[in-house]
Amino acid sequence: MVADLGVEVDGGWLFRGLALTVAAGECAALTGPNGAGKSTLLRCLYGVQDATEGSVSVCGQRPDERSTAFRRAVSVLLDDSALFDELTPRQHLDLLLRSFPDAVADPVALLASAGLDHRASVPVARLSAGQRRRLLLLGATARPHQVLLLDEPERALDTAGRDWLAGLVEAELAGGTAVVTASHHPALVDRVADSVVEFS
Amino acid sequence: MRRLPRISEDTATRVVGIVLAVGALGAPFHSTDVVRAHLLGGAPAPALATPTVLCVGLALAWHSLLRRNFAWADPAWLTWADFTGARPGLIRRRLLVAWACRFGAVGYATLASGVLLGCPDIPLTAALCTAVTLLALAAARRSPRLPWLEHAVPVLLIALPLTGFAADWLWLPAIACALVGLLPGRSLATDAGRADLVRRFTERSLRRASVSFLDLLALLPAGREVRWARALDGRGVLARFVVAGLLARHRALPLAGLLVLAVATLHRLFPSVDPVWWIGAGGYLAALPFTGALAQIHQVPGLRRWVGCSDRALRASATGVLVAVVAVWAAVLAVLGVPLSWPAGLAVLLASAAVVRTVTRAPLNYANLGLVSVVGVLVPVGLLVQLAHGPDLLVLGLLLLGALGVGVAAPVVLGLATAATLTPHPTH
């Protein structure tokens, strides 16, 4: 939940008076031109950037990505999301699913669903940009969480990949996850968003 | 009256620094007795000390030169100016500078050691120095033909003092050096392609930036493919993750091998130094390059999200794995004649905890340089305090081990290591 939120940058307001509530199983899409403040809002929701004014509450608590409990409740795909170049997609998912409590997904099935099964044993440094993006999306969605924050998740994905992404977000919503996604892909927004916040 | 030109503060600091460095480096020659007294006290100089210093120096210089980091070129120069056939000459000049710097330093160390500690066998020392220096130049001029043999040469050189420079063992490094140096091969200056030159340029730029900003963690080796497909599929995934990080950096193994030989040699050379110091310092340096994954995960938030556990659990797992690794390293030391004891076991624990403390420290805060003028030279004390986060635990623990009996020191050291491992690290 966001109330009267404002972020000031270089003496000007990036946005101000923003209010947003996303319930479980709902998706809010953030749209608008580059530099309008979509990623900034996502960073505020994840607790890596402080707002200038207003309040933010995620899962009933003040966002703080330094808290293990918060990180477990809120899963993200942000600009700084990264992969271990020396590990394979399978090893990434093993690490994720074995280290998060109550994670029960099958890594083989997950990789197959993302079209990465034939690249499961290849170090990620040798994957294409689109394949790396698919793995990052799997990383954000494969483990238990209540809130999902996505920053332009469609980036680097081909047409089939974007269709897979929309299905992934729909499955998240069906599972009761609250999703906030910034996007420049109208088809994705039309398909999954319950509400749209237009930045200008 | 003509006015003298103004000198900037930076230039003055640099000049004072150079004067101090020249004074310090000249000390073995102009204040021989004073320096000798500091090093040895009243004890006699160890036999074969200078050839030992020479072997260690030659091994390090060989290892450093044969990585061929001198063969780099700026991609901008390659794109806009590499049309005159100057590339091979440029690389040869860089080779000569790299070679002269490294082996010049070895020459200085050997001379200083000879003046301070004496040199009982000048012909042997001179022959060894000349042969290895020239063969290193010959080998570095060419693309690697026998990489494993190139890596073996420093190990053989450092092991030589352990054999007492016995004639039966001298032929081994001699043949290895000769093979690497004299085997025909393609010239590196003409053979190196754009991809190799640019890769080394990028690595060099990263090294220079890291050294300029004293961010030494950026120098930890990057990982390579972990060929154990199911490395992370099983119980104890945190320990498995740390082990996978070690396996991905197996290229650091030769350095750990060199360190074990160097420490065994130094122990023989300076038997009065408590072995606990050699084990602690050597174990720390040997383990550090293997912990790049742990450093990465603490510096890159996007990587941290792949691991769903607390920082405390991650640090505890890393310390556990590293204790096992450093213990194996120390066991090899014991085989080479360095005595192990209860304090040595505590030194292993301290070295492991200090490594974890080092690589999980907060990013350097350059706003907190804390510049203090020391003898006219501005010293960034605040930055040095941040850099000491990690080694401080090792030094303090080893000092306590030396000052207190093991019965008193053991619980204190255990408490220190545990606190350093489990306590969240403050930001500077």
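The values are calculated or read from the model by the stated rules, or taken from the named source; none is laboratory data. None of these values were measured; they are calculated from a predicted model. Glycine gets a Cβ as well: all are built from the backbone with ideal geometry, and neighbour counts include every protein chain shown. When the accessible area is computed, the model is the full protein with side chains, heavy atoms only, and any ligands, DNA or RNA have been set aside. Shrake-Rupley method; radii C 1.70, N 1.55, O 1.52, S 1.80 Å.
Calculate, in nm to one decimal, what B:Thr163 and B:Ser373 gain on full extension: separation in residues at 0.36 nm each, minus their alpha carbon distance.
Result for the pair: 70.9 nm of gain on full extension.
Between B:Leu396 and B:Trp342, what is the FRET efficiency for a Förster distance of 22 Å, r being their Cβ-Cβ separation, to the nearest 0.05?
Values: r = 18 Å, r/R0 = 0.84.
Step by step, r from the Cβ atoms, then E = 0.75.
A:Leu14's amide H: which non-local residues (gap 5+, or another chain) put their own amide H closer than 5 Å, with H modeled 1.01 Å from N in plane and none for Pro or chain starts?
For A:Leu14, whose amide H was placed from the backbone, the distant partners under 5 Å are A:Val7, A:Glu8, A:Val9.
Taking the Cα centre of the protein assembly as shown as origin, sum charge times position over the Cβ atoms of Lys and Arg (+1) and Asp and Glu (-1), and report the length of that vector in debye to the nearest 20.
Taking the Cα centre of the protein assembly as shown as origin, the dipole is about 1980 debye.
What's the FRET efficiency of B:Ser31 with B:Val335 using the Cβ-Cβ distance as r and R₀ = 60 Å, to the nearest 0.05?
Computed FRET efficiency for B:Ser31 and B:Val335: 0.95.
Tell me the label-point distance for the pair A:Ser121, B:Ser212, using the 7 Å Cα-to-Cβ offset, in nm and rounded to one decimal.
Using points 7 Å along Cα→Cβ, the separation is 4.4 nm.
What ³J(HN,Hα) values, in whole Hz, does the Karplus curve 6.51 cos²θ - 1.76 cosθ + 1.60 give for segment B:76-82 when θ = phi - 60°, with x put for Gly and Pro?
5, 5, 5, 6, 10, 10, 8
Solvent-accessible area per residue for segment B:215-422 at a 1.4 Å probe radius, Å²? Provide the component values of the computation, followed by the final result.
On the way: 8570 Å² over 208 residues.
Value for segment B:215-422: 41 Å² per residue.
Can I get the semi-axes of segment B:44-104's equivalent ellipsoid? Compute them from the C-alpha gyration tensor as square roots of 5 times the eigenvalues, in angstrom, largest first.
Over the Cα atoms of segment B:44-104, the semi-axes work out to 37, 9, 7 Å.
Non-local amide H neighbours of A:Val76 (under 5 Å, H modeled in plane, Pro and chain starts lacking H): which ones?
A:Leu149
Take each of the peptides B:76-88, B:174-186, B:128-140, average the number of other beta-carbon atoms within 10 Å over its residues, and list them starting from the highest.
Put in order of decreasing packing, that is B:128-140, B:174-186, B:76-88.
Give the Rg (one decimal place) followed by the Dmax (whole number) of segment A:75-172, computed from C-alpha coordinates and expressed in Å.
When restricted to the Cα atoms of segment A:75-172, Rg and Dmax are 12.3, 34 Å.
I need the Debye-formula profile for segment B:215-422: one equal scatterer per C-alpha, no solvent, reported as log10 I(q)/I(0) at q = 0.10, 0.14, 0.17 1/Å, two decimals.
Debye output, listed in q order: -0.46, -0.88, -1.21.
Over segment B:300-428, what is the relative contact order in percent, taking alpha-carbon pairs closer than 8 angstrom and at least six residues apart?
33
Round to a whole angstrom and tell me the spacing of the C-alpha centers of segment B:342-369 and segment B:126-172.
34
Please give the calculated 222 nm ellipticity per residue for chain A, where each DSSP H segment of at least 4 residues contributes -39500 (n - 2.57) and the sum is spread over every residue; nearest 500 deg cm²/dmol?
Rounded to the nearest 500, the figure is -10000 deg cm²/dmol.
By how many nm would the segment from B:Ala127 to B:Leu182 grow when fully extended, if each residue of separation counts as 0.36 nm and the alpha-carbon distance is taken off?
18.1 nm
Could you work out the helix-only [θ] at 222 nm for chain B, with each DSSP H run of four or more residues adding -39,500 (n - 2.57) and the total divided by the number of residues, to the nearest 500 deg cm²/dmol?
Mean residue ellipticity at 222 nm (helix-derived): -22000 deg cm²/dmol.
How many Cβ atoms of partner chains, on average, are near each residue of A:78-85 if near means within 10 Å of its Cβ? Show your work: numbers first, answer last.
Numbers: counts 3, 1, 5, 6, 9, 3, 12, 6.
Mean inter-chain Cβ contacts per residue within 10 Å come to 6.
So how much slack lies between B:Ala195 and B:Ala81, counting 0.36 nm per residue of separation and subtracting their Cα-Cα distance, in nm? Show your work: numbers first, answer last.
On the way: separation 114, 0.36 × 114 = 41.04 nm, distance 1.65 nm.
Between B:Ala195 and B:Ala81, full extension yields 39.4 nm more.
Reported to two decimal places, what Rg/Rh ratio describes the protein assembly as shown when computed on Cα atoms with Rh from the Kirkwood expression?
On the way: Rg = 28.9 Å, Rh = 28.3 Å.
My calculation of the ratio gives 1.02.
For the peptides A:111-120, B:96-105, what is the packing order when you average, over each peptide's residues, the other Cβ atoms within 10 Å and list the highest mean first?
A:111-120, B:96-105
Return the FRET efficiency for the residue pair A:Ser200, B:Glu203: r is the Cβ-Cβ distance, R0 is 35 Å, and the value is rounded to the nearest 0.05.
That gives a FRET efficiency of 0.20.
From the phi angles alone, apply the Karplus equation (6.51, -1.76, 1.60; θ = phi - 60°) to segment A:44-60 and give each ³J(HN,Hα) in whole Hz, x where the residue is Gly or Pro.
5, 5, 8, x, 9, 9, 8, 7, 6, 8, x, 10, 10, 9, 10, 6, x
Taking every DSSP beta bridge with both residues inside the protein assembly as shown, roughly what % is antiparallel (nearest 5)? Write down the numbers at each step before the final one.
Numbers: 14 of 31 bridges.
For the protein assembly as shown, the DSSP antiparallel bridge percentage is about 45.
Please report the carbon-and-sulfur percent of the accessible area for segment A:2-198; probe 1.4 Å, protein heavy atoms only, DNA, RNA and ligands left out.
On segment A:2-198, the fraction of accessible area on carbon and sulfur atoms equals 47 percent.
Please give the average number of partner chain Cβ atoms lying within 10 Å of the Cβ of each residue in B:244-257, rounded to a whole number. Walk me through the intermediate numbers first.
Values: counts 6, 3, 0, 1, 5, 1, 0, 0, 0, 0, 0, 0, 0, 0.
Average per residue, whole number: 1.
From the convex hull of the Cα coordinates of chain B, what is the mean projected area in square nanometres? Display every interim value, and only then the final one.
Details: hull surface 108.8 nm².
Here the figure is 27.2 nm², rounded to one decimal.
At A:Thr159 and B:Thr423, where each label point lies 7 Å from the Cα along Cα→Cβ, what is the point-to-point distance in nanometres?
So the label points at A:Thr159 and B:Thr423 sit 6.1 nm apart.
From Cα pairs below 8 angstrom and at least 6 apart in sequence, can you work out the relative contact order of chain B, rounded to a whole percent?
With pairs under 8 Å counted, the relative contact order is 15 percent.
Once you average over the residues of A:134-141, how many Cβ atoms of partner chains fall within 10 Å of each Cβ? Write down the numbers at each step before the final one.
On the way: counts 0, 0, 3, 0, 0, 3, 1, 0.
What the average comes to for A:134-141 is 1.
Tell me, what is the percent relative contact order of segment A:108-200, built from C-alpha pairs under 8 Å that lie six or more residues apart?
Once normalised by length, the contact order is 25 percent.
In whole Hz, with x marking every Gly and Pro, tabulate ³J(HN,Hα) for segment B:345-352 from phi via Karplus 6.51 cos²θ - 1.76 cosθ + 1.60, θ = phi - 60°.
x, 5, 5, 4, 5, 4, 4, 5
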